[in-house]
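*Asks:* Pasting a structure below so you can have a look.
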Amino acid sequence: MQKHGMSNWKNIAPMPDTAPERDAHDGPDKPPADAAFWADAEPCAPDPHKVPIHIRISPEILAFFKKDGPGYQTRINRVLEQYVQWQQK
């Protein structure tokens, strides 16, 4: 019997070694590979109101938000914001 709060690590699938690199290259703020972009780029701090998390969603939902290109995480956040506002009414 497993104690409360203890994980059974044998049943947890490891993340492939390539996942962090893939995720880093697939981020919503990935700039174009064009050197001209960097000529006018200005450093900026991350939005202090957002908290980085790991979330699992269905592939169909992810594909829907990614189809319009970079910024899909922001679009997902906007939908969630609208849902929260609707629930709070």
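*Asks:* What helices (runs of 4 or more DSSP H) lie completely within segment 25-89 and have 1 or more residues being under 12 Å from the mean Cα position of the chain (by Cα), of a type in the set (S, T, N, Q) and modelled with pLDDT under 90?
*Replies:* Numbers: elements: 35-40, 59-66, 72-88.
In segment 25-89, 72-88 are the helices (runs of 4 or more DSSP H) which contain 1 or more residues that are under 12 Å from the mean Cα position of the chain (by Cα), of a type in the set (S, T, N, Q) and modelled with pLDDT under 90.
*Asks:* Quick one: what pairs do we get from segment 50-77, first residue free of Cβ contacts under 8 Å to residues at least 40 places away in the same chain, second among the aromatic types (Phe, Trp, Tyr), C-beta under 7 Å, 6+ apart or different chains?
*Replies:* Qualifying pairs under 7 Å: Phe65/Tyr72; Lys66/Tyr72; Arg75/Phe65; Ile76/Phe65.
The values are calculated or read from the model by the stated rules, or taken from the named source; none is laboratory data. Everything quoted here is computed from the prediction, not taken from an experiment. Here Cβ is always computed from backbone atoms with ideal geometry, including for glycine, and neighbour counts include all displayed protein chains.
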